[in-house]
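**Q** Starting off with a structure, shown below.
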There are 2 protein chains.
Amino acid sequence: MNTTPAAIADSCLCLAVMRAARRTARRFDDALRPMGITSGQFSILVAIAASKGASLGEIADRMGMDRTTLTRNLKPLETEGVIATEADPDDARRRRLVLTQTGGALLTLATPHWQAAQKATEAQLAGPAAGARAILTEME
Amino acid sequence: MNTTPAAIADSCLCLAVMRAARRTARRFDDALRPMGITSGQFSILVAIAASKGASLGEIADRMGMDRTTLTRNLKPLETEGVIATEADPDDARRRRLVLTQTGGALLTLATPHWQAAQKATEAQLAGPAAGARAILTEME
DNA sequence: GCTTTATATGTGCAACTACACTCATAAGTC
DNA sequence: GACTTATGAGTGTAGTTGCACATATAAAGC
């Protein structure tokens, strides 16, 4: 394996995925800015809506995010009333996350903005976007 | 296009790339921890080494990173003497970034650690890693 | 040359990120 | 049931990220 700086810069998967992530996040942030939420907040809303009643740790895991990071990201969303937490009747340690009615409405309103960014990103991928997702999903 | 929350969670390229980026960064961070640098710092050293004399803005662009983020990330590296800035004789606005001798030595020592993380990440990709890189490179 | 515009960079601020540590509850062992 | 271990979550702290704004230099228009 060639380990000259130039070869590393060209081949490093960490740098490649970080660069792609930063650029993609900016695009989705721009698209969602009119709704007053970031791409990260939108992802949280989607993750919660897609898996009703999942615990904080499960959502964090699904997002590949540190659990404590999610804890803090939830705070403003909870304050604004778009998400809420429920006690788990079977396990007092768990916090089950749910979308409020307001949160559901916000998600519905934000979806077209997401869709625009999603389509733009897909359009830029030469191969099928499904292939890109498959690869990204493998990178865990 | 299906825009139910579950469908969005499954198809969203932003969420997918963010998740992959967080997980990959953690792996490279772990690998480089013995060297006392993060994956981001390693990437900066590589980018500077691979393009000698490039300006701050050029390096930031190459990394898909906000220019101001790079400015701040450079500060500790400069304090520790692994990178330095030179004046550009042709343009007084530009800061040309260079690796110091110490920085070059650090990069050499860190490279095997990077290589281990790189190989582990490549091994986990079912398809050829080159395909993953190509897709990530397209996501800009 | 002087004004206007463009470029390269730095700073204020606010939010995101995660490691180390702590606390509370559940599960397992005897 | 008491003790040990495992699990789910929150907080302290420190670093990362980037938008809005400000500054300095260069280039362009006249």
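**Q** Residues in the range B:96-105: is at least one farther than 30 Å from A:Asp61 by Cβ and in contact (Cβ under 8 Å) with a residue 60 or more places away in the chain?
**A** To start, the set of residues in the range B:96-105 that are farther than 30 Å from A:Asp61 by Cβ comprises B:96-105.
Okay, now just the ones that are also in contact (Cβ under 8 Å) with a residue 60 or more places away in the chain, so none.
No - not one qualifying residue is present in the range B:96-105.
**Q** Using the structure shown, decide if A:Thr100 is more than 26 Å from B:Ala21 (Cα to Cα), within 19 Å of the chain's Cα centre (by Cα) and either open to solvent by less than 90 Å² (accessible area, probe 1.4 Å) or near DNA strand D (Cβ under 8 Å from one of its atoms) (or both). Give the steps one after another, and end with the answer.
**A** Working: more than 26 Å from B:Ala21 (Cα to Cα): yes; within 19 Å of the chain's Cα centre (by Cα): yes; either open to solvent by less than 90 Å² (accessible area, probe 1.4 Å) or near DNA strand D (Cβ under 8 Å from one of its atoms) (or both): yes.
Judged against the criteria, A:Thr100 is a match.
**Q** When the range A:44-58 is examined, which residues are found to be within 16 Å of DNA strand C (Cβ to nearest atom) and of a type in the set (D, E, K, R)?
**A** A:Glu58
**Q** Does B:Ala84 satisfy the condition of being of a type in the set (A, V, I, L, M) and within 19 Å of A:Leu13 (Cα to Cα)?
**A** On the way: of a type in the set (A, V, I, L, M): yes; within 19 Å of A:Leu13 (Cα to Cα): no.
No.
**Q** Another question about this same structure. Just checking, how many residues over the range B:62-85 are within 9 Å of DNA strand C (Cβ to nearest atom) and crowded, with 17+ Cβ neighbours inside 10 Å? Quick ask: steps written out before the conclusion?
**A** Narrowing the range B:62-85 to residues within 9 Å of DNA strand C (Cβ to nearest atom): B:66-72, B:74-75, B:85.
Within this subset, residues satisfying the condition of being crowded, with 17+ Cβ neighbours inside 10 Å are B:70, B:74.
The number of residues fulfilling the criteria is 2.
**Q** Let me ask something additional. Return a yes/no flag: does the range B:34-57 have any residue that is away from DNA strand D (no atom under 16 Å from the Cβ), touching a Lys or Arg at 6+ places or on another chain (Cβ under 9 Å) and free of Cβ contacts under 8 Å to residues at least 12 places away in the same chain. Quick ask: steps written out before the conclusion?
**A** Our first condition is that a residue be away from DNA strand D (no atom under 16 Å from the Cβ); within the range B:34-57, this holds for B:34, B:49-54.
The next check asks that each one be touching a Lys or Arg at 6+ places or on another chain (Cβ under 9 Å); those that pass are B:50-54.
In the following step, the residues that additionally are free of Cβ contacts under 8 Å to residues at least 12 places away in the same chain were identified as B:50-51.
So far as the range B:34-57 goes, yes, one or more of its residues are away from DNA strand D (no atom under 16 Å from the Cβ), touching a Lys or Arg at 6+ places or on another chain (Cβ under 9 Å) and free of Cβ contacts under 8 Å to residues at least 12 places away in the same chain.
**Q** Among the residues of the range A:2-33, count how many are open to solvent by 30 Å² or more (accessible area, probe 1.4 Å) and either within 16 Å of DNA strand C (Cβ to nearest atom) or at the interface with chain B (Cβ under 7 Å from one of its Cβ atoms) (or both). Talk me through it step by step, then tell me what you get.
**A** At the first step, the residues of the range A:2-33 found to be open to solvent by 30 Å² or more (accessible area, probe 1.4 Å) are A:2-6, A:10, A:18-19, A:22-23, A:26-27, A:29-30, A:33.
Then drop every residue that is not either within 16 Å of DNA strand C (Cβ to nearest atom) or at the interface with chain B (Cβ under 7 Å from one of its Cβ atoms) (or both), which leaves A:3, A:5-6, A:18-19, A:22-23, A:26-27, A:29-30, A:33.
Matching residues across the range A:2-33 total 12.
The values are calculated or read from the model by the stated rules, or taken from the named source; none is laboratory data. Here the structure is a predicted model, which means the values were calculated and not measured. Note that each Cβ is placed from the backbone with ideal geometry, even for glycine, and that neighbours are counted across all protein chains shown. Surface areas here come from the heavy atoms of the whole protein model, side chains and all, with no ligands, DNA or RNA. Shrake-Rupley method; radii C 1.70, N 1.55, O 1.52, S 1.80 Å.
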